[in-house]
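Here's the structure we're looking at; comments come further down.
The values are calculated or read from the model by the stated rules, or taken from the named source; none is laboratory data. Every value quoted in this text rests on a predicted model; they were computed, and no experiment measured them. Here the Cβ positions follow ideal geometry from the backbone for every residue, glycine too, while neighbour counts run over all protein chains shown. With ligands, DNA and RNA removed, areas are computed over all heavy atoms of the protein, side chains included. Shrake-Rupley method; radii C 1.70, N 1.55, O 1.52, S 1.80 Å.
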Amino acid sequence: MAKRILVTGTGPLGRAVADRLAAQGHEVRAVSRHAPADGEPSAYTWMKADLLAGKVPERATDGVDTIVHCASARRGDVEAARNLIAGARRAGHPHLIYISIVGIDRIPYHYYRDTLAVERLIGDSGLPWTVQRSTQFHDLILSACRMLARGPVMPVPAATSFQPIDVREVADRLAELALAAPGGHVPDIGGPQVLSTRSLAHSYLRAVRRRRLVLSVPFPGAAFAAFRRGGQLAPAHAVGRTTFDRFLAERFAAPDVKRTKSAPGR
């Protein structure tokens, strides 16, 4: 039976979740402050809404069975979650699903503290709920590598590893959860490999054909100490299939190679 599903956020994850659910025949609505980067979608309905501004539009939540909360920002996530929960309560009793981060209860970082607070708000909301924690997306590691490689020396956090996962695989999981019964805190999901920051940096440099001296540096602070202890990892839940090297190969493939791969019959 087709469901009515609201997805918050039209970044890479939100768009991928909405696309997957719409392709399965569900009535999908998406809300965000800004239109999707690739233009207004045709497979689902997009509505402009700022969760931080207050009331969620009734036309977004009216009659929905499930809300998949993918919207996030560096500031304001707790208030946005409060507003979303209030809108969900007015709409009835929808299943609220939240994408969270592995290690937020072990790493003292302000963004993680806010994410943990959102988890608690959802758990105390009185709504049926599911929280899925994930390790860092490949795209986040790529952004960090780009920033750190700006100079002739590329400093990376010493004695630190990450377990990046492909955003498309996280979207697959959230789409599954949107059609399942509420599960509370479900098992974490992580990428297929735990890789040192040096290894990740060298993979990036090979992919972009740049040469930098990679220097391991003991980054200061309690958060980086927790990263060195591995609080961000989920090695027992390495469910991802796309490696960081494969992600980079796809992202930085030459345009003619991309066209050849996508051309019918080749």
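Calculate the spin-label point distance for residue 111 paired with residue 38, positioning each point 7 Å from the Cα along the beta-carbon direction, and give it in nanometres.
Between residue 38 and residue 111, the simple spin-label model gives 2.3 nm.
Roughly how big is the chain's charge dipole about its Cα centre, with Cβ charges of +1 (Lys, Arg) and -1 (Asp, Glu), in debye to the nearest 20?
1040 debye
How big is the charge dipole of region 13-158 about its Cα centre, in debye rounded to the nearest 20, if each Lys and Arg gets +1 on its Cβ and each Asp and Glu gets -1 on its Cβ?
Computed charge dipole of region 13-158: roughly 360 debye.
Using a 1.4 Å probe, what is the accessible area per residue for the chain, in Å²?
49 Å²
Given the options 183, 242, 21, identify the residue whose Cα lies farthest towards the positive end of the charge dipole of the chain (+1 on Cβ of Lys, Arg; -1 on Cβ of Asp, Glu).
Going by the charge dipole, the pick is 242.
Which of the listed residues, 32, 197, 136, is farthest toward the dipole's positive end in the chain, when Lys, Arg count +1 and Asp, Glu count -1 at the beta-carbon?
Value: 197.
Pull out the extension gain between residue 59 and residue 236, defined as 0.36 nm times the separation in residues minus the alpha carbon to alpha carbon distance; nm, one decimal.
So the chain would gain 59.6 nm between residue 59 and residue 236.
Can you tell me which of 189, 165, 104 moves the most in a GNM of the chain? Springs connect C-alpha atoms under 10 Å apart.
In the Gaussian network model the winner is 104.
Starting from the Cα of residue 79, move 7 Å in the Cα-to-Cβ direction to define the label point; list residues of region 109-149 whose amide nitrogen is under 14 Å from there.
Inside the label zone: nothing.
I'd like the distance separating the alpha-carbon centroids of region 199-245 and region 86-113, in whole Å.
Taking the Cα centre of region 86-113 as reference, the centre of region 199-245 is 25 Å away.
Using a probe of 1.4 angstrom, how much of the accessible area of the chain is carbon and sulfur, in percent?
54 percent
Using a simple charge model, +1 on the beta-carbon of Lys and Arg, -1 on the beta-carbon of Asp and Glu, nothing else, what dipole does region 6-52 show about its Cα centre, in debye to the nearest 20?
The dipole of region 6-52 has a size of about 80 debye.
At a Förster distance of 45 Å, what's the computed FRET efficiency of residue 52 paired with residue 217, Cβ-Cβ distance as r, to 0.05?
Approximately 0.80, to the nearest 0.05.
Restricting to DSSP H runs of at least four residues, report the calculated mean residue ellipticity at 222 nm for the chain, -39500 (n - 2.57) per run over all residues, nearest 500 deg cm²/dmol.
Theoretical 222 nm ellipticity from helices: -11500 deg cm²/dmol.
What full-extension length gain, to one decimal in nm, is calculated for residue 179 and residue 147 as 0.36 nm per residue of separation minus the Cα-Cα distance?
Taking residue 179 through residue 147 to full extension adds about 7.7 nm, to one decimal.
Taking the mean number of other Cβ atoms within 10 Å as a proxy for protection, how do you rank 77-88, 213-224, 149-160 from highest to lowest?
77-88, 149-160, 213-224
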